[in-house]
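Report on one structure; see the data block that follows.
The values are calculated or read from the model by the stated rules, or taken from the named source; none is laboratory data. Because the structure is predicted, anything quoted here is derived from the model rather than measured. Neighbour counts run over all protein chains shown; Cβ positions are idealised from the backbone, glycine included. Protein only, heavy atoms only, side chains kept; ligands, DNA and RNA dropped before computing areas. Shrake-Rupley method; radii C 1.70, N 1.55, O 1.52, S 1.80 Å.
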Amino acid sequence: MTPLSRHTRVLIAIAVSSLAVILGAYALVPRGTGARALVADLSVVWTAGYAVVCAALAARRHPDAYQRTAWGWLGAGAALFLVGQLVWTYYDVVRRVEPPYPSLADVGYLGLYACFLVAFVELVRTQPRRAQDPELVLDTVLVTLTAGVLAYEFLLKRLFEAAGAVLPLLTSVAWSVAGIAVLWLMLVELLHYTRVPVATAGLVIPGLGLLCLTNVAYAAVSLRGGVRSGGALALGWDAGFVLLALAAVLAPTRGGFEGARVRAISGDTARLIAVVVGLAGIAAIAIAQALSPAPDAAAALLVAGGVAVIGVRFIHGLRADRRYTGLLENEVASQTRSLMDSLAATAAAERSLRLVMDAVPDAILVVDREGRVLDANAPADRMVAGGAGLVTGRSMFEFFDPAAAPLVGERMAAAFRGEVQRFEAPVVRADGGRGISAVLYAPVRERSTITRLLVLARDVTDQKRTEAQLQQAEKLGAMGQLVSGVAHEINNPAAIISGFAQTLLLDELKPEHRETLQMVYDEATRIGRITANLLAFARAGGRQRTLVDLNDIVRRTFALRSYHLSTLNITVSLQLDPGDPKIWADASELQQLVLNLLINAEQALVTVEPPRTITVRTHATEDETVFELGDSGPGIPPEIRGRIFDPFFTTKPEGVGTGLGLSICYGIAQQHGGRIWVESEPGHGARFLVAIPRDPRHDGRAARAPLPPAGVATGQLTVLVVDDEAALRNALLRFLERHGIHGRGAAEGSEALALLAREDFDVIISDVRMPGMSGREFLERLRHERPELAARLVFSTGDTFAADTAALLQEAGVPTLTKPFDFAALERVIREVAARVEGARPRASA
Ligand code: ADP
């Protein structure tokens, strides 16, 4: 409650002290004297006047418009009464006679009621009204009947019985009936509202009630002729006006009535009062009737009516209670049922939502503005907490790599501004491992504000690695094609040079010439080795598993980089398992793995001063083959050792490192059922180890039937050489001639077939790749047209690694010579094939 202002306190003090002074004057001045009459008249004038002043103040100060109107009417009522009282006082004190009936005093006194009636209606009109129900009607009837019966019994009846002056009587009756009417109206109004705040009507009711009761009592007494000027009844008016004045002072200080905790007179209190008034009124009349020497039929009828209304009201009340109880029970039951139903429905919906959320393979999180996890599905839990159910309540930032925190925070802020965000960020898994997640932030809106974010995260580590690996493989593939083209072009001239060198070496030469020629031959052979390496590298694999010689792959890969390594001043030490361990693997992938590790070692070594060494070791155990590549570089600091296999982790400047090399190696090792790890001491280099299980399977393809053991034909032999390179043909024929082997050359397949139709040849040497008829077509034509000659065929090729050539050599079971030729080996093969053919079918002309 707000403390009262000084102004209010002063007004209250005046009201209270006025009443005290009046009571004191009443006590001091003896009854029945003129002085007492004066005291009584003046006190009423003072209190009524004071009430007018206070009501006028309230009519100005009250915050509520309806209340201001009501206080205007109350003030007007008090003012009218004051006028009446002044007139009365004039007659009573100055003229010392009773005023005539009706006088101006009566106009004032009666005017009071009209104002009070309007005022009370204004006071309560803004309050909530009760619905019309039978009980309200009965209560209204009861109150009205009681008021009517009381007015009739104690006031109107006198009028009918009275003899003498009617006008004073009529005035008194009107005065008192109007008083009853105000009381009746207050009660009926209260009955019609569910609650009336004390601050509005509640403060006014005591004053108005007391004034009306005093009037009714005064009228009743005066009708019996017992009124004396200055009697105690006048104190009722004094007290009534003082109470009204107090109400007027207090009402504006109780401004707000809207709060639920405002003290109020409830409709129930009004009903109780109505029933009590009804019972008391009817009982009073019944008693009066009983005591009366001449019972009155009309009064008896009214009493009976009153009793009947009370009876009906009680019966209705009881039935209404029962009905109400029944209704209440039904209502409670149905409310309980619907509550249970909706609880069950809510639980089912929640369960189904949870099942759906858990069925999504991606992690789903709901986070608040601080990034705290409010909810998470099972995959999220598995991803970041290993399924321990400890995600909720933690900060989302804990699940990302600390380096990604700024990005994650920035995207989160943007999402809270309402933008859907998609990005990739490194995450830390439950086991401490790292990965890459594709993340989506979607704002969750409640009305117009974004209170939470939905986070979807998918682990794309493997996908990224595979993509990168494919990209690298594609790049290598394209490079391979280029390399193989170049190698092929170089191979033929190298074979020719080598061929002529070998032929010339058969001659008598000066030692220095021989030495030079030998060097020419050696270098041509080296070119052959290099191109063979290049071709092997370019052609490796074909994305299928075969039995692969790990040492071979290591040798070739290092051979490819050997020039580069030497320019960087890097010494390489190859310590390969002498058993040449074979593994069931994808050769191109193994090559990729070795190359990536080698490039990393090179890049690490250039950051240190020489000596720079790379040590490669292969060794096989029962179960696995281990490949080791160590360097004498700077080594890998322990704090990043756990992350170097993560995709996109790099410490190298942009353009140098992609962060994918080791990630690809990791993927390749995994795909082969193996593992990769690193051992490193900072400052003492790094050593990468790859262990790949040995597969007990052997190459499942049908092995060629071994050629029958052959002797060596020694006599005069004739050979047909089919090759589109004229120089190579010539070199070959010259060499063979020097060794007593007669040869003829053909530039292509059809020419060869025509020659074969005319002449006999012991051995046919054919290139695989020729313009026009290919080696394969030539073999087929031979098998078809001259099947007896097919066994005399020897293929020559510079590129055994080309997929089609490899397949042809595999299927045909034809001996193969690799360009550039080692002519000694060539002669041996020719003589072997000739011997085998001879052995199978002895020739007449041998
Ligand atoms: P990139 O070479 O493109 O950076 P990688 O995945 O191949 O990507 O390597 C990741 C990181 O591992 C490198 O940035 C480097 O810090 C470290 N690393 C790899 N190999 C070596 C090595 N032999 N010596 C020192 N650090 C190495």
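Computed values, structure above
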quantity	calculated
When residues of the stretch 122-144 are limited to those that are of a type in the set (A, V, I, L, M) and out of contact with any Asp or Glu (no Cβ under 7 Å at 6 or more places or on another chain), the one nearest to Leu203 (Cα to Cα)	Leu123
Considering residues of the stretch 1-28 that are assigned to a loop (DSSP other than H, G, I, E, B) and free of Cβ contacts under 8 Å to residues at least 40 places away in the same chain only, the residue least open to solvent (accessible area, probe 1.4 Å)	Pro3
Every residue from the stretch 355-372 that is under 9 Å from the mean Cα position of the chain (by Cα) and either of a type in the set (Val, Ile, Thr) or surrounded by fewer than 19 Cβ atoms within 10 Å (Cβ to Cβ) (or both)	Ile364, Val366, Val367, Asp368
Search result, residues across the stretch 429-451 that are part of a strand (DSSP E or B) and open to solvent by less than 30 Å² (accessible area, probe 1.4 Å)	Gly435, Ile436, Ser437, Val439, Tyr441, Ala442, Pro443, Ile450
Residue list for the stretch 247-306, filter: small (Gly, Ala, Ser), at pLDDT 75 or above and crowded, with 20+ Cβ neighbours inside 10 Å	Ala247, Ala248, Ala251, Ala270, Ala274, Gly278, Gly281, Gly306
Residue that is surrounded by the most Cβ atoms within 10 Å (Cβ to Cβ), among those in the stretch 730-744 that are of a type in the set (Lys, Arg) and assigned to a helix (DSSP H, G or I)	Arg734
Test: residue in the stretch 821-830 that is of a type in the set (Lys, Arg) and at pLDDT 80 or above	yes
Long-range neighbours under 9 Å by Cβ, at least six apart or interchain, first residue open to solvent by 70 Å² or more (accessible area, probe 1.4 Å) within the stretch 650-665, second small (Gly, Ala, Ser) and more than 6 Å from the ligand (Cβ to nearest atom)	Thr658/Ala468
Count of the stretch 763-793 residues which are touching a helix residue (DSSP H, G or I) at 6+ places or on another chain (Cβ under 6 Å), open to solvent by less than 40 Å² (accessible area, probe 1.4 Å) and over 16 Å from Ser750 (Cβ atoms)	4
Selection count where residues are touching a residue at least 40 places away in the same chain (Cβ under 8 Å) and more than 17 Å from Leu728 (Cβ to Cβ), scope the stretch 483-505	3
Single residue of the stretch 665-693 satisfying the filter (within 15 Å of the ligand (Cβ to nearest atom) and among the small types (Gly, Ala, Ser)) that is nearest to the chain's Cα centre (by Cα)	Gly667
Any hit, the stretch 604-617, residues being farther than 18 Å from Val678 by Cβ, open to solvent by less than 10 Å² (accessible area, probe 1.4 Å) and modelled with pLDDT under 90	no
In the stretch 462-494, residue nearest to Ile436 (Cα to Cα) [restricted to those that are aliphatic (A, V, I, L, M) and either open to solvent by 50 Å² or more (accessible area, probe 1.4 Å) or in contact with an Asp or Glu (Cβ under 6 Å, 6 or more places away or on another chain) (or both)]	Leu470
Verdict on Asp804 being in contact (Cβ under 8 Å) with a residue 60 or more places away in the chain and under 60 Å from the mean Cα position of the chain (by Cα)	no
Residue count for the stretch 534-576, restricted to those that are at pLDDT below 90, surrounded by fewer than 19 Cβ atoms within 10 Å (Cβ to Cβ) and in contact with a Ser or Thr (Cβ under 9 Å, 6 or more places away or on another chain)	2
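To keep it simple, each residue is scored yes or no on (1) open to solvent by 10 Å² or more (accessible area, probe 1.4 Å); (2) closer than 20 Å to Ala247 by Cα; (3) modelled with pLDDT of 80 or more; (4) of a type in the set (A, V, I, L, M).
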site	(1), (2), (3), (4)
Thr140	yes, no, yes, no
Tyr152	yes, no, no, no
Leu156	yes, no, no, yes
Phe160	yes, no, no, no
Gly164	yes, no, no, no
Val177	yes, no, yes, yes
Leu233	yes, no, yes, yes
